[in-house]
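Participant: Below you'll find the structure I mean.
The values are calculated or read from the model by the stated rules, or taken from the named source; none is laboratory data. All of these numbers come straight from a predicted model, not from anything done at the bench. Every residue, glycine as well, gets a Cβ built from its backbone with ideal geometry; the counts of neighbours run over all protein chains shown. Quick note on the areas: whole protein, heavy atoms, side chains included, nothing else; ligands and nucleic acids left out. Shrake-Rupley method; radii C 1.70, N 1.55, O 1.52, S 1.80 Å.
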Amino acid sequence: QVQLVESGGGLVQAGGSLRLSCAASRIIFASNAVAWYRQAPGKRRELVATITSSGTTNYPDSVKGRFTISRDNAKNTVFLQMNSLKPEDTATYYCYVKQHDFDYWGQGTQVTVSS
C-alpha cells in the first residue's frame, strides 16, 4: 500500500521560512508527477506546486517566487521550500501523487503563519 508521510510544518512568523518533506513508500516519486496542495479552514483545497517525472516544476501565481518544490530521488522524498511566508499561507499542506488511476494523499502537515 502506498504511503505518503509529510513533515516539517509548524508555526512561523510572517516573512519566515519552512521546509516541508513528503516521504513515500511503495511508490517511486521519480517516475511520477508529485504535487503539494493546501487547504485552509472553510476553503477549497488548492494546488501550490507540482514537479513532473522529468523535473519540470509549476506554481500558481499566489506562491510563485516564494515556494520551491524539489525531489531527492535517492531518498524518495519531495520537498516544498516556503520562503517569505504570509498569514494567508496558513493551511494544512498535503502531498499528492497519482498512479494507475489511483489518488494518494498524505495525512497533511499544519503550517501556521502569524502576522
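Participant: Does A40 count as out of contact with any Phe, Trp or Tyr (no Cβ under 8 Å at 6 or more places or on another chain), open to solvent by 20 Å² or more (accessible area, probe 1.4 Å), over 17 Å from A91 (Cα atoms) and not hydroxyl-bearing (S, T, Y)?
Facilitator: Taking the combined requirement at face value, the residue does not satisfy it.
Participant: Let me ask something else. Filter the range 26-37 down to the residues that are of a type in the set (G, A, S) and either open to solvent by less than 30 Å² (accessible area, probe 1.4 Å) or within 12 Å of F79 (Cα to Cα) (or both) and list them by number.
Facilitator: Matches in the range 26-37: A35 only.
Participant: Could I ask something else about it? Could you tell me whether V113 is over 21 Å from L4 (Cα atoms), touching a Pro at 6+ places or on another chain (Cβ under 9 Å) and buried (at least 18 other Cβ atoms within 10 Å of the Cβ)?
Facilitator: Yes; evaluated as a whole, the condition is true for this residue.
Participant: Mind checking which residues of the range 55-93 are small (G, A, S) and open to solvent by less than 60 Å² (accessible area, probe 1.4 Å)?
Facilitator: Of everything in the range 55-93, those that are small (G, A, S) and open to solvent by less than 60 Å² (accessible area, probe 1.4 Å) turn out to be G55, S62, S70, A91.
Participant: Taking the range 63-91 on its own, how many of its residues are over 23 Å from R26 (Cβ atoms), in contact (Cβ under 8 Å) with a residue 40 or more places away in the chain and not acidic (D, E)?
Facilitator: Qualifying residue count for the region: 9.
Participant: Filter the range 94-108 for residues that are surrounded by fewer than 19 Cβ atoms within 10 Å (Cβ to Cβ) and outside any strand (DSSP E or B) and give the result.
Facilitator: H100, D101, Q107, G108
Participant: Could you please find all residues in the range 5-25 being assigned to a strand (DSSP E or B), modelled with pLDDT of 95 or more and surrounded by 17 or more Cβ atoms within 10 Å (Cβ to Cβ)?
Facilitator: E6, V12, L18, L20, S21, C22, A23
Participant: Pick from the range 28-44 the residues that are over 18 Å from P87 (Cβ atoms) and either in a strand (DSSP E or B) or among the acidic types (D, E) (or both): which of them is nearest to the chain's Cα centre (by Cα)?
Facilitator: W36
Participant: Would you please list the contacts, defined by Cβ atoms under 6 Å and residues six or more apart or on different chains, that run from a residue in the range 1-23 that is aromatic (F, W, Y) to a residue that is open to solvent by less than 50 Å² (accessible area, probe 1.4 Å)?
Facilitator: Listed pairs, sorted by first residue: none to list.
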